[in-house]
Amino acid sequence: MKRIGDLDHSRAVALWLFFCATLVFAMIVVGGATRLTGSGLSITEWKPIMGALPPMNHADWVEAFDKYKAIPQYTEVNAGMSMAQFQYIFWWEWAHRLLGRLIGAVFALPFIAFLAFRVIPRRLIGRCAVLLALGGLQGLIGWWMVSSGLAERVDVAPERLATHLGLAFLIFAGLIWTGLEAWAGVDANRPSRAWTWGAGLLLGGVFIQCLLGGLVAGAKAGLIYTDWPLMNGAFFPPIAWGQGALAFLHDQGLVQLNHRMGAYVLLFAGTFYAVQALRGRLDGGLGVAAVVFAGALWFQAGLGVMTLIHAVPVTLGVLHQAVAALVLGAATVNLWLVRRSRPRMFASSLR
């Protein structure tokens, strides 16, 4: 008879991880709103403990506002803004940071308790510890991102924003995967290598596309070339190649072009994969999972076009970022299902 510490699955641990994933999804949404409202630089200090408290009186608000007035974003973009306008952007950034602290507590405290009561399956303890470490690293990267916009820029560096957003997506997918593992336990199936590679490449492609989206957001590349399918009447926009390799990070035209091309590749690959999954009559709900994933891709692509042609209004921009997380989640679940099924050989389903 197995002792509690030897269990290979735990529904309680799975529910905890899924709840944490939900909070990270909320963090991604709030982070998008914080960026789109121009709020990310409103708090110019990083105080992991004391920063949890907002300004408590008028003098505190004046002090926080004076610190914001000292950075280029205020002097070059928001000069003359009122205290009420500053408070609006401050509360977005404060809520974003507070939610990050909440996620840390919601993950760390139950993790310690589950360890003490030996509820977490042994094979998942290391994974949970890695997720906890990544959460701590995310806080550091968040400040690394913000600090890039406090001295010589009026916004954060695109590559730092993409790194911050990419790590959030990575943690989100990791929580979903580990939660599924905790829910279902050990599986002895030997899945098809071809289908595993296919589903894995799709998941990797979605993650890369999310990073490209982060570069678009950081470079504010969605505010130009707001026509589609061409870019100001041409397929290729003019690109400032004089920047060298930095053009792939900072040139607005090239960044947007790469994001468009990534979307086209994913749409083709995801649709092809879904068709083959249905033709192959895959077990374990894989056909349904593949169709859901492909449908999410098409919805996200249409939403991306709408967001672009309307020059990224806050509502559509936040929704586009939220659906990106859902597409990544669908790709994660799809790969997990593939690895736990006994599908036909990929080649046989092509006939």
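Out of the residues in the stretch 283-314 meeting the condition of being open to solvent by 30 Å² or more (accessible area, probe 1.4 Å) and closer than 21 Å to Arg340 by Cβ, tell me which one is nearest to the chain's Cα centre (by Cα).
Val292
State which residue pairs qualify: first residue closer than 11 Å to Val29 by Cβ and inside the stretch 306-323, second residue assigned to a helix (DSSP H, G or I) and of a type in the set (Phe, Trp, Tyr) in any location, beta carbons under 8 Å apart, and separation of 6 or more residues or different chains.
Ala322/Phe25; Val323/Phe299
With Leu109, Leu102, Leu41 as the choices, which residue is open to solvent by 30 Å² or more (accessible area, probe 1.4 Å), of a type outside the set (Gly, Ala, Ser) and touching a residue at least 24 places away in the same chain (Cβ under 8 Å)?
Sole residue among the options that is open to solvent by 30 Å² or more (accessible area, probe 1.4 Å), of a type outside the set (Gly, Ala, Ser) and touching a residue at least 24 places away in the same chain (Cβ under 8 Å): Leu102.
Can you find a residue that is under 27 Å from Ile309 (Cα atoms), loosely packed, with under 13 Cβ neighbours inside 10 Å and free of Cβ contacts under 8 Å to residues at least 24 places away in the same chain anywhere in the stretch 263-282?
Yes, because at least one residue in the stretch 263-282 is under 27 Å from Ile309 (Cα atoms), loosely packed, with under 13 Cβ neighbours inside 10 Å and free of Cβ contacts under 8 Å to residues at least 24 places away in the same chain.
Only one of Val305, Val323, Val275 is out of contact with any strand residue (DSSP E or B) (no Cβ under 7 Å at 6 or more places or on another chain) and either farther than 25 Å from Gly38 by Cα or in a loop (DSSP other than H, G, I, E, B) (or both); which?
Of the residues listed, the single one that is out of contact with any strand residue (DSSP E or B) (no Cβ under 7 Å at 6 or more places or on another chain) and either farther than 25 Å from Gly38 by Cα or in a loop (DSSP other than H, G, I, E, B) (or both) is Val275.
Among (1) modelled with pLDDT of 95 or more; (2) in contact with a Phe, Trp or Tyr (Cβ under 6 Å, 6 or more places away or on another chain); (3) open to solvent by less than 10 Å² (accessible area, probe 1.4 Å), where does Gly317 come up short?
Every listed condition holds for Gly317 apart from (2).
Which pairs have Cβ atoms under 8 Å, sit 6 or more apart or on different chains, and link a residue in the stretch 81-96 that is without any contact (Cβ under 8 Å) to a residue 40 or more places away in the chain to one that is charged (D, E, K, R)?
none
So, Trp16, is that one exposed (fewer than 15 other Cβ atoms within 10 Å of the Cβ) and either within 25 Å of Ile141 (Cβ to Cβ) or touching a residue at least 60 places away in the same chain (Cβ under 8 Å) (or both) or not?
Considered against the rule, which asks whether it is exposed (fewer than 15 other Cβ atoms within 10 Å of the Cβ) and either within 25 Å of Ile141 (Cβ to Cβ) or touching a residue at least 60 places away in the same chain (Cβ under 8 Å) (or both), Trp16 comes out as no.
Does the stretch 205-219 contain any residue that is over 18 Å from the mean Cα position of the chain (by Cα) and open to solvent by less than 40 Å² (accessible area, probe 1.4 Å)?
no
For the stretch 73-120, which residues satisfy the criterion of being modelled with pLDDT under 95 and among the β-branched types (Val, Ile, Thr)?
Within the stretch 73-120, Thr75, Val77, Val119, Ile120 qualify.
Restricting to the stretch 264-282, name every residue that is under 22 Å from the mean Cα position of the chain (by Cα) and either among the hydroxyl-bearing types (Ser, Thr, Tyr) or more than 30 Å from Ile224 (Cα to Cα) (or both).
Once the filter is applied, which keeps residues that are under 22 Å from the mean Cα position of the chain (by Cα) and either among the hydroxyl-bearing types (Ser, Thr, Tyr) or more than 30 Å from Ile224 (Cα to Cα) (or both), the stretch 264-282 yields only Tyr264.
Of everything in the stretch 112-125, what is touching a residue at least 12 places away in the same chain (Cβ under 8 Å) and either under 23 Å from Pro55 (Cβ atoms) or open to solvent by less than 50 Å² (accessible area, probe 1.4 Å) (or both)? Give them in sequence order.
Phe114, Val119, Ile120, Pro121, Leu124
The values are calculated or read from the model by the stated rules, or taken from the named source; none is laboratory data. From a predicted model like this one, the values you see are computed outputs, not experimental measurements. Note: ideal-geometry Cβ built from the backbone for every residue, glycine included; neighbour counts use all protein chains shown. Surface accessibility is based on the protein's heavy atoms, side chains included, excluding ligands, DNA and RNA. Shrake-Rupley method; radii C 1.70, N 1.55, O 1.52, S 1.80 Å.
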